């Protein structure tokens, strides 16, 4: 990959498991190359370097005390499980800066695999640098996204970040589904299609590739905006033991009929949180068997799959990496740094 587009900043590298080279089919070089022309237009521009602020995830469990009889049947994981490969994918994207024509982002994706309760290997790709302008997006996304979605991405930095993450994650997920068989693919969050998915790289293509190679797709959510899910999680937390779950699919579909995945809430370890589990509608395995295989082959020190936790940390950007990306862009493209104050701090100030 070209050094101008892919920075291999490997500080704070994970040392407990071996990294492998990106598989040949994991072709993100073409994705990066497609942005070279856009990046070249940055030369000599004035730019405000911006900072992202972390969003705190609220656990599924709410503060309500469960009352009355549970509407769900408590089910247990299968007593028998098989050795399978677990493959977890996660990505991150940060806003680097803004110009008068668009915004600059950096994205990274990581894949971690485990088998037999042992982390086996990992790889990550990026940072990839994206300069998102209306002109560039209109040219590159013509025919693969509706024009309305293109306009929204170009005008909303939050949507642009989401678009980049979906693009990176779907590329890695579909490739993993194609080059592996009999595995469990873990997705961070729920399994649902997005209006920001491009043609040929959507959830349906991922499910088709997984089904063809007998892979199972599982989404794991730490939080939910649906009170139905949080209420069920709270109930299971109080009445369920380890390795139990509720199937809440029918209840969710009463309010959201277009829901395609099977929706569960599950508890993997004693004294751990309850998580939302989305099982793809095209999975061939029954839910109790699928959850048992996941529990056997991943690690759950914190009640959460360790593969997903490591994929998160491998993909996330720290302040030094963001500074390196900014310095790289400033040197290569002669950017003129315009100082920007923290408006919130300037206006509100401090009382103490």
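Each value in this text was obtained by applying a stated rule to the coordinates, not by laboratory testing. Remember, it's a predicted structure, so these values are computed and weren't measured experimentally. Cβ sites come from the backbone with ideal geometry, for glycine too, and all protein chains shown count toward neighbours.
Quick notes on this one:
- Added length on full extension, which subtracts the Cα-Cα distance from 0.36 nm per residue, residue 316 to residue 80: 81.4 nm
- By average C-beta atoms within 10 angstrom, highest first, the peptides 162-172, 118-128: 162-172, 118-128
- Beta bridges per DSSP, both residues in the range 29-348: antiparallel share near 80 percent.
- Rounded if a/c under 1.5, otherwise prolate or oblate - the range 258-304, Cα gyration tensor axes: oblate
- Inter-part distance where the range 232-248 and the range 277-299 are each reduced to a Cα centre, Å: 16 Å
- For 327, 279, the sequence from fewest to most other C-beta atoms within 10 Å is 327, 279.
- Full extension of the chain between residue 195 and residue 238 gives 11.8 nm of extra length, using 0.36 nm per residue less the Cα-Cα distance.
- Residues of the range 164-205 with an amide N closer than 14 Å to a point placed 7 Å from the Cα of residue 256 along the Cα-to-Cβ direction: 189-195.
- A crude spin-label estimate for the pair residue 204 and residue 162, with each label 7 Å from Cα along the Cβ direction, gives 2.1 nm.
- Its relative contact order, with pairs defined as Cα atoms under 8 Å and 6+ residues apart, puts the range 29-348 at 27 percent.
- Translational diffusion coefficient (Stokes-Einstein; Kirkwood radius from C-alpha pairs) of the range 69-214 at 4 °C, 1.567 mPa s, in µm²/s: 75 µm²/s
- Stretching residue 272 away from residue 330 to a fully extended chain increases their span by 16.3 nm, per 0.36 nm per residue minus the current alpha-carbon distance.
- Packing, taken as the mean count of other beta carbons within 10 Å per residue, orders the peptides 149-155, 190-196 from highest to lowest as 149-155, 190-196.
- Taken along the Cα-to-beta-carbon direction at a fixed 7 Å, the label points for residue 101 and residue 213 span 3.9 nm.
- R0 of 45 Å, Cβ-Cβ distance residue 142-residue 282: FRET efficiency to nearest 0.05: 0.90
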